[in-house]
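The values are calculated or read from the model by the stated rules, or taken from the named source; none is laboratory data. Note that the structure is a prediction, hence the values are computed from the model and not measured. Using ideal geometry, Cβ is built from the backbone for each residue, glycine included, and neighbour counts are taken over all protein chains shown.
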Amino acid sequence: MTRWLDADEQRTWRNFLSATQLVNEALDRQLQRDAAMPHAYYMILVALSEAPERRMRMSELAARAQSSQSRLSHAVARLEERGWVRRDRCPEDRRGNIAVLTDDGFAAIAAAAPGHVAEVRRSLFDVLTPDQVRALDEICATVRNTLER
């Protein structure tokens, strides 16, 4: 038997979908305008910038970026064209590839980060109270931890 959403759940679900889409669109517009990169590319560069030696296996990067292998491979190819990322062969597994953030890629993300953070603040945190931020964190962590299992 289907457990349909009640009116409160339906309203919450639709507000969630709309809010997440609007925040993502605002972040994408800001990054495209100010850094000439989509949000997805920014997230790949962030993941690499935080990785040891700014290197990560492509399969791990795909998981971290919440992307399919093929979509990530396409994005990394575009980042390679810009000179921001390069691919190295994995020494332990000759079939695998390692994505490496170049110095130019690190400079690109360093330049893009201040505007991105300002947009994150404007689009999300500045409109919430500290209690709402804590509640949002708990809610998102619960959903993420449940779905990542």
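Could you list all residues from region 35-69 that are within 11 Å of the chain's Cα centre (by Cα) and of a type in the set (D, E, K, R)? The one that is within 11 Å of the chain's Cα centre (by Cα) and of a type in the set (D, E, K, R): ARG64. From the list ALA141, ALA77, the one residue that fits, being part of a helix (DSSP H, G or I), loosely packed, with under 12 Cβ neighbours inside 10 Å, among the small types (Gly, Ala, Ser) and over 17 Å from the mean Cα position of the chain (by Cα), is ALA77. When region 90-138 is filtered for residues that are touching a helix residue (DSSP H, G or I) at 6+ places or on another chain (Cβ under 8 Å), assigned to a helix (DSSP H, G or I) and more than 22 Å from MET37 (Cα to Cα), the ones remaining, listed by number, are PHE125, VAL133.
Just checking, how many residues over region 1-25 are surrounded by 10 or more Cβ atoms within 10 Å (Cβ to Cβ) and either at pLDDT below 95 or assigned to a loop (DSSP other than H, G, I, E, B) (or both)?
Start the filter on region 1-25 by keeping residues that are surrounded by 10 or more Cβ atoms within 10 Å (Cβ to Cβ), which leaves 5, 9-25.
Remaining after also requiring either at pLDDT below 95 or assigned to a loop (DSSP other than H, G, I, E, B) (or both): 5.
Adding up the residues that qualify gives 1.
Inspect all residues belonging to region 102-121 and state whether any of them is hydrophobic (A, V, I, L, M, F, W, C), within 30 Å of THR12 (Cβ to Cβ), surrounded by 12 or more Cβ atoms within 10 Å (Cβ to Cβ) and within 15 Å of the chain's Cα centre (by Cα).
yes
Filtered by the rule that a residue be touching a helix residue (DSSP H, G or I) at 6+ places or on another chain (Cβ under 8 Å) and surrounded by 14 or more Cβ atoms within 10 Å (Cβ to Cβ), region 60-74 gives LEU61, ALA62, ARG64, ALA65, SER67, LEU72, SER73.
Being of a type outside the set (Asp, Glu) and free of Cβ contacts under 8 Å to residues at least 60 places away in the same chain is the requirement here; does LEU124 meet it?
no
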